[in-house]
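To start, the structure under review is shown below, and the notes come after it.
The values are calculated or read from the model by the stated rules, or taken from the named source; none is laboratory data. Remember, it's a predicted structure, so these values are computed and weren't measured experimentally. No Cβ is skipped: glycine too gets one built from the backbone with ideal geometry, and neighbour counts run over all protein chains shown. Each accessible area value is taken on the protein alone, full model and side chains, heavy atoms only, with ligands, DNA and RNA left out. Shrake-Rupley method; radii C 1.70, N 1.55, O 1.52, S 1.80 Å.
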Amino acid sequence: MTEPLTESEVKRFHQNGYVVPDYALPVETINTLNSALEETIDLNPLVRPEHLVSAHIDRLNDEGVRGHSAWLELAQHPEILDRIEQLIGPDIILWGCQVFCKPASDGMEVPMHQDGHYWPIQPLATCTAWIAIDDSNVGNGCLRVVPGSHTGQRYYEHSKSDRENLVLNQHVDDSRIDLDDAVDIELHPGQFSLHDVFLIHGSNPNTSGKRRAGVAIRYMPATSHFNRSLYETSEGSGYLVNFATRPLWLLRGKDRGNNNFQIGH
Ligand SMILES: O=C(O)CCC(=O)C(=O)O
C-alpha cells in the first residue's frame, strides 16, 4: 500500500520540523469551510477573527467563543488524519483548534514563537495541521517557520510585548535563533502544512486587500497525558484558554496516557 506522505515528506518533517504534503482538500470542502468561517465570525462579533480559539466546540465554549461543527468535522478528515498518523503514530487525540482569520488590511501579526510553553501535555508532543481556506502568501501574511528549530526539543527564551495588535503577546528572543532564517509557507486553499510543537513559527500582519484565513488543528499522540491541573486556565499568551474543561477526542487508536474524554463534552 502506498502511504499518503511519501518517505521523503516524512523525512523532511523530521529534519525541518514541518512539511507541506503534496495534497489539497477538494474545492467542495473549502466551500463548506468558507461558509462555516462566515458563520463562525457572525456568531462571535466581539472576538477578533484571529482569536477563534476552540472553534471546533459547537456551543459557547469555556474560552468565550461560539464554535461550529464544521471545524470538528474537518479535524476528523481521513486525508489529514492519515498523514498525522504517519508522523505521530496510530493513537491520536484531537485537543485543540484555532481559526486564524486575518481580515484584509488590518490582519494581526503572530509574533515568531514556539508553541507549547503553556500547553499541558506531558511529555510535550503535538503535530499541528494548518489548513489554508484562502490563498495564503507573502502578501497577506502567510505562516513563516524557522526550519530545523524543533531539533533537540529545546525551549527557547521568549519575551513579552505590550503591543495590542498582536495575536500573541510573546515572541522568541533568544540569541540561538536567527529569525532571518525563517521561510514562508505559501499555500492555496485546501493545501495544508504540518508542523511540530517545538518549531518556531509566526506570521506577518496582513496589510493587503485580501483576507488570509486558515485553521490550526492540534493533534497529540495518545501516549501523552493532557494534564488539566498543570495550567487550568491561562492568559499567558494574551488571551484566555481553559485547559481544565477542554474536551478531548480520541480520533484513532487507543488511549495510553490516562486521558479523560468525558470532561467538557
Ligand atoms: O495562522 C498563523 O499565522 C499562526 C498560526 C500559529 O501560530 C499556529 O498554528 O500555532
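Brief remarks follow.
- Those strands (runs of 3 or more DSSP E) lying entirely in segment 170-228 with at least 3 residues surrounded by 23 or more Cβ atoms within 10 Å (Cβ to Cβ) and not acidic (Asp, Glu): 192-196, 200-203, 212-221
- Residues of segment 168-192 classified as among the polar types (S, T, N, Q) and farther than 23 Å from His117 by Cβ, total: 1
- Among the conditions (1) open to solvent by less than 20 Å² (accessible area, probe 1.4 Å); (2) within 17 Å of the chain's Cα centre (by Cα); (3) farther than 25 Å from His150 by Cβ, the only one that Leu74 does not satisfy is (3).
- Output for segment 11-52, where each listed residue is assigned to a helix (DSSP H, G or I) and farther than 21 Å from Ala132 by Cβ: Lys11, His14, Gln15, Asp42, Leu43
- Considering segment 177-199, and only residues there that are out of contact with any helix residue (DSSP H, G or I) (no Cβ under 7 Å at 6 or more places or on another chain), more than 10 Å from the ligand (Cβ to nearest atom) and aliphatic (A, V, I, L, M), the residue that is farthest from Thr151 (Cα to Cα) turns out to be Leu187.
- Segment 1-37, residues that are under 24 Å from Arg212 (Cβ atoms), open to solvent by 50 Å² or more (accessible area, probe 1.4 Å) and of a type in the set (S, T, N, Q): Asn31, Thr32, Ser35
Here's the yes/no breakdown for (1) within 29 Å of Val172 (Cα to Cα); (2) in contact with a Gly (Cβ under 7 Å, 6 or more places away or on another chain); (3) within 15 Å of the ligand (Cβ to nearest atom):
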position	(1), (2), (3)
Pro49	yes, no, yes
His56	yes, yes, yes
Pro78	no, no, no
Ile88	yes, no, no
Asp106	yes, no, yes
Trp119	yes, no, yes
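- Matching residues in segment 90-104 - criterion: being within 9 Å of the ligand (Cβ to nearest atom) and open to solvent by 20 Å² or more (accessible area, probe 1.4 Å): Phe100
- Here Asn242 clears all of (1) open to solvent by 50 Å² or more (accessible area, probe 1.4 Å); (2) under 19 Å from Trp71 (Cα atoms) except the condition numbered (1).
- Filter pass, Ile41 being open to solvent by less than 40 Å² (accessible area, probe 1.4 Å), at pLDDT 95 or above and not polar (S, T, N, Q): no
- Residue pairs meeting the criteria (Cβ under 8 Å; at least 6 apart or on separate chains; first in contact (Cβ under 8 Å) with a residue 60 or more places away in the chain, in segment 141-170; second acidic (Asp, Glu) and open to solvent by less than 20 Å² (accessible area, probe 1.4 Å)): Val167/Glu50
- Selection from segment 152-168 of residues that are away from the ligand (no atom under 16 Å from the Cβ), of a type in the set (S, T, N, Q) and open to solvent by less than 70 Å² (accessible area, probe 1.4 Å): Ser159
- Top-ranked residue in segment 111-148 [being farther than 26 Å from Leu81 by Cβ and of a type in the set (S, T, N, Q); ranked as most open to solvent (accessible area, probe 1.4 Å)]: Asn137
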